[in-house]
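Below is one structure; the comments refer to it alone.
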Amino acid sequence: MRSLLGEHIARFLARNDVEVLVSLDGDRVNHDRHRRSRTGTGTFDVVMENLARLKEIAPDYYHRHVSFSATISPSTDLLLLERFYSDGPDLVTGNRMRVSYVSPGNESFFRRCKAHPQREEQEATLAQAFLDAHVRGHGAGKVATALFERPI
């Protein structure tokens, strides 16, 4: 897969303080499950290569202006997603992130998407971790915060 993020574009983004929101649904397994190229291959490696290139060219810009959006589907392993964004590669752990859900109105997608077997358990685990962290005065994990801070 050809990369569109060459040095020229990376320098342009940095020079103009362009905010970049990267769709990255977590680790390779979570991301590649639904994010595929035209040839059907997963796009995780290309995204990570582009991120590494951008960070190498403009490290200060990267930390200030690059953030992530993870789309959660019924098959998303939430605990794996939390580990990736909170304890994973430094390309993602130092940056802001948010989550969104696949629209429940997309019935054909939901029929094709096998639900993660421990989904309710995982949501409860992350909710408890979020509350425990705040009771202790610590920051919660990135995904737990993105999931529960606003509603609470």
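The values are calculated or read from the model by the stated rules, or taken from the named source; none is laboratory data. In this text the structure is predicted, and so the values were computed from the model without any measurement. Neighbour counts run over all protein chains shown; Cβ positions are idealised from the backbone, glycine included. Protein only, heavy atoms only, side chains kept; ligands, DNA and RNA dropped before computing areas. Shrake-Rupley method; radii C 1.70, N 1.55, O 1.52, S 1.80 Å.
What's the magnitude of the charge dipole for the chain around its Cα centre, counting Lys and Arg as +1 and Asp and Glu as -1 at the beta-carbon? Answer in Debye, nearest 20. Working shown, then result.
On the way: 21 positive and 20 negative charges, 99 e Å.
In debye, rounded to 20, the chain gives about 480.
For the chain, what is the accessible area per residue in Å² when the probe is 1.4 Å?
Values: 9170 Å² over 152 residues.
The answer is 60 Å² per residue.
At a 1.4 Å probe, what is the % contribution of carbon and sulfur to the accessible area of the stretch 29-152? Don't jump to the answer; show the numbers that get you there.
On the way: 3680 of 7220 Å².
So the carbon and sulfur contribution to the accessible surface is 51 percent.
Take the alpha carbon atoms of the chain, find their radius of gyration, then divide it by 2.2 N^0.38 Å using N residues; give the quotient.
Working: Rg = 16.5 Å, N = 152, 2.2 N^0.38 = 14.8 Å.
The value comes to 1.11.
For the stretch 26-109, what is the charge dipole size about the Cα centre, in debye to the nearest 20, if Lys and Arg each add +1 at the Cβ and Asp and Glu each add -1 at the Cβ?
Details: 11 positive and 11 negative charges, 51 e Å.
Roughly 240 debye, rounded to the nearest 20.
At 222 nm, what value in deg cm²/dmol follows for the chain if DSSP H runs of at least 4 each add -39500 (n - 2.57) and the sum is divided by all its residues, to the nearest 500? Spell out each step's value before the answer.
Working: 9 runs with 81 residues, N = 152.
Taken over the chain, the calculation gives -15000 deg cm²/dmol.
Quickly rank 77-85, 22-30 as a protection proxy: mean count of other C-beta atoms within 10 Å, highest first.
Details: 77-85: 21.8, 22-30: 19.9.
Averaged packing, sorted descending, gives the order 77-85, 22-30.
Whole Å is fine, so just give me how far the alpha carbon centre of the stretch 127-152 lies from that of the stretch 10-83.
Taking the Cα centre of the stretch 10-83 as reference, the centre of the stretch 127-152 is 23 Å away.
Between Val92, Phe68, Thr41, whose Cα lies farthest towards the positive end of the dipole of the stretch 31-152 when Lys and Arg beta carbons carry +1 and Asp and Glu beta carbons carry -1, centred on the Cα centre?
Thr41
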